[in-house]
Amino acid sequence: SAVISQKPSRDICQRGTSLTIQCQVDSQVTMMFWYRQQPGQSLTLIATANQGSEATYESGFVIDKFPISRPNLTFSTLTVSNMSPEDSSIYLCSVEDVGTSGFYNEQFFGPGTRLTVL
Amino acid sequence: SQQGEEDPQALSIQEGENATMNCSYKTSINNLQWYRQNSGRGLVHLILIRSNEREKHSGRLRVTLDTSKKSSSLLITASRAADTASYFCAASDFNKFYFGSGTKLNVKP
């Protein structure tokens with residue numbers, strides 16, 4: 001199963017600035033996903049990022065606010081632009097891979113980036 | 001919204017007791033997965049059950065799936081204090097994952 005790392009693990013940012021979060025996978029994967037988890041809430045999918053194509057954004061999320069790069073099959077970045085306190089959340093990247101079930105479709109998550117916007 | 005519901009929202013039990021969490025979803029699924037999240041951390045994959053399976057075991061975990069009722073349950077037997085965490089189900093319809101609202105489990109030593 002894929003092992004995923006994220007940088008930074010946490011950050012405190014000022015309103016109006018931008019933060020880029022990096023996601024690195026130890027194997028090549030086709031699909032990478034970015035989620036947001038607001039305090040005490042479940043996960044909400046921001047976008048799906050496939051290598052070589054534009055990211056697909058979910059309703060309520062736009063490219064200008066959350067630009068995503070996917071330069072190769074092991075790496076992706078999510079930028080949170082022009083931040084406001086409402087953007088304070090945990091941001092998680094995930095990938096699909098074969099897990100212990102032997103079934104391709106298990107989703108594995110990075111450790112998350114905890115963002116606080118003042 | 002396609003997101004699922006979980007109940008209970010919070011569950012507090014004594015160490016050694018069993019914990020049961022339920023998940024309902026709205027879409028037709030290919031599989032359903034359960035995750036654990038310790039406070040403020042990433043999600044740990046626990047178990048995947050396919051849509052043509054009714055029950056699956058992994059160690060102290062037992063998952064059931066009823067596609068006619070669009071529901072699943074996660075049973076943790078002989079709970080331990082280290083099981084204290086939030087538990088989420090995620091229903092997959094081939095293209096996306098729809099996460100439940102989560103159950104916060106507190107296992108008291």
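The values are calculated or read from the model by the stated rules, or taken from the named source; none is laboratory data. Model, not experiment: these values are computed from the prediction. With ideal geometry, Cβ positions are generated from the backbone for all residues, glycine too; neighbour counts draw on all protein chains shown. The area values use the complete protein model at the heavy-atom level, side chains included, leaving out ligands, DNA and RNA. Shrake-Rupley method; radii C 1.70, N 1.55, O 1.52, S 1.80 Å.
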For the stretch A:4-113, state the average projected area of the convex hull of the C-alpha atoms over all orientations, rounded to one decimal in nm². 7.0 nm²
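Please compute, for peptide A:81-89, the average count of beta-carbon atoms on other protein chains lying within 10 Å of each residue's beta-carbon.
On the way: counts 0, 0, 0, 0, 0, 0, 0, 0, 0.
That works out to 0 on average.
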Between residue A:26 and residue A:56, the FRET efficiency computed from the C-beta separation at R0 = 25 Å comes out, to the nearest 0.05, as 0.55
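Accessible area of chain B with a 1.4 Å probe: how many percent of it is carbon plus sulfur?
On the way: 2260 of 5180 Å².
On chain B, the fraction of accessible area on carbon and sulfur atoms equals 44 percent.
Treat the stretch B:5-108 as a sphere of radius equal to its Kirkwood radius over Cα pairs and apply Stokes-Einstein at 20 °C in a medium of 1.002 mPa s; give the translational diffusion coefficient in µm²/s, rounded to a whole number.
Working: Rh = 13.5 Å.
In µm²/s, the coefficient is 158.
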Counting only Cβ distances under 4.7 Å between cysteines, those in the protein assembly as shown with no partner are A:13
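Counting partner chain Cβ atoms within 10 Å of every residue's Cβ in A:108-114, what's the average? Kindly include the intermediate steps, with their values, before the conclusion.
Working: counts 5, 7, 2, 4, 5, 1, 2.
If you average over the peptide's residues, the count of other-chain Cβ atoms is 4.
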Out of the total accessible area of chain A (probe 1.4 Å, heavy atoms of protein only), what percent is carbon and sulfur? 49 percent
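The stretch A:1-62: percent of C-alpha pairs farther apart than 15 Å?
Values: 1231 of 1891 pairs.
For the stretch A:1-62, the fraction of Cα-Cα distances above 15 Å is 65 percent.
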Could you give the accessible area per residue of chain A, probe 1.4 Å, as a whole number in Å²? 46 Å²
Taking alpha-carbon centroids only, the stretch A:34-105 lies from the stretch B:62-109 a number of Å equal to 22 Å
Lys, Arg +1 and Asp, Glu -1 on Cβ, resulting dipole of the protein assembly as shown about Cα centre, debye, nearest 20: 300 debye
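Kindly state, to the nearest 0.05, the FRET efficiency for residue B:5 paired with residue B:58, given R0 = 25 Å and r defined as their beta-carbon distance. Don't skip to the answer; put the middle values down first.
Values: r = 24 Å, r/R0 = 0.94.
That gives a FRET efficiency of 0.60.
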Please state the Cα pair-distance histogram of the protein assembly as shown with 10 angstrom bins from zero: what percent is in each bin? 8, 33, 36, 19, 4, 0
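Suppose the chain between residue B:44 and residue B:24 were pulled fully straight at 0.36 nm per residue; how much longer would it get relative to their current alpha carbon spacing? List each step's numbers first, then the result.
Numbers: separation 20, 0.36 × 20 = 7.20 nm, distance 2.02 nm.
Length gained, residue B:44 through residue B:24: 5.2 nm.
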Just tell me how shielded B:42-50 is by partners: mean number of partner chain Cβ atoms within 10 Å of each residue's Cβ, no decimals. 6
